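K.L.:
Sharing a structure below in structure tokens format, with a few things to ask.
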Amino acid sequence: MYTWSGQTVGFVKGESVYTNSGRYVARLHNGWIRDSGGNAIAFTDGASGGPLPPMRSIPSIKSVPSIPPI
């Protein structure tokens, strides 16, 4: 697991998520990473069985065509 800047912060082994030092911090199941309290803290593409993930982007809306003069 990496930060946006590319720094390694942890790893996944099976369904367990660990820090670089090997401390267990979360569980990965059905694409959701959940902390020790069961709260969803991250997700992967295609995650299922959890809260509704946020939308990545809103599709653009086509412009309304101009009305021709009468």
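The values are calculated or read from the model by the stated rules, or taken from the named source; none is laboratory data. Fair warning: this is a prediction, and the values are worked out from it, not measured in the lab. Using ideal geometry, Cβ is built from the backbone for each residue, glycine included, and neighbour counts are taken over all protein chains shown. In case anyone asks, the SASA skips ligands and DNA or RNA and just uses the protein heavy atoms, side chains included. Shrake-Rupley method; radii C 1.70, N 1.55, O 1.52, S 1.80 Å.
K.L.:
Please work out the average accessible area per residue across the chain, using the 1.4 Å probe convention, and give it in Å².
P.N.:
Per residue, the chain has 87 Å² of solvent-accessible surface.
K.L.:
Still on this structure, I have one more. Ignoring ligands, DNA and RNA, what percent of the 1.4 Å accessible area of the chain is carbon and sulfur?
P.N.:
59 percent
K.L.:
If you wrap the chain's Cα atoms in a convex hull and average its projection over all directions, what's the area in nm²?
P.N.:
For the Cα atoms of the chain, the hull's average projected area reads 8.1 nm².
K.L.:
While we're on this one: Amide H to amide H, which residues 5 or more places from residue 26 or on other chains are under 5 Å from it, using H placed in the peptide plane?
P.N.:
Under 5 Å from the amide H of residue 26 lie the amide H atoms of 17, each far enough along the sequence or on another chain.
K.L.:
Continuing with this model, one more query. Note the full-extension length gain between residue 9 and residue 35 as 0.36 nm times their separation in residues minus their Cα-Cα distance, in nm to one decimal.
P.N.:
Here the answer is 7.8 nm.
K.L.:
Starting from the 7 Å offset along Cα-to-Cβ, what nm value, one decimal, do you get for the label separation of residue 19 and residue 70?
P.N.:
Rounded to a tenth, the inter-label distance reads 7.2 nm.
K.L.:
How large is ³J(HN,Hα), in whole Hz, for each residue of region 22-30 in order, when computed from phi with the Karplus curve 6.51 cos²θ - 1.76 cosθ + 1.60 and θ = phi - 60°, using x for Gly and Pro?
P.N.:
Calculated HN-Hα couplings, in order: x, 7, 5, 10, 6, 10, 10, 8, 6 Hz.
K.L.:
On to the next question. Need the full-extension length gain, residue 2 to residue 56, defined as separation in residues times 0.36 nm minus the C-alpha distance. One decimal, nm.
P.N.:
Going from the current span to full extension adds 17.5 nm.
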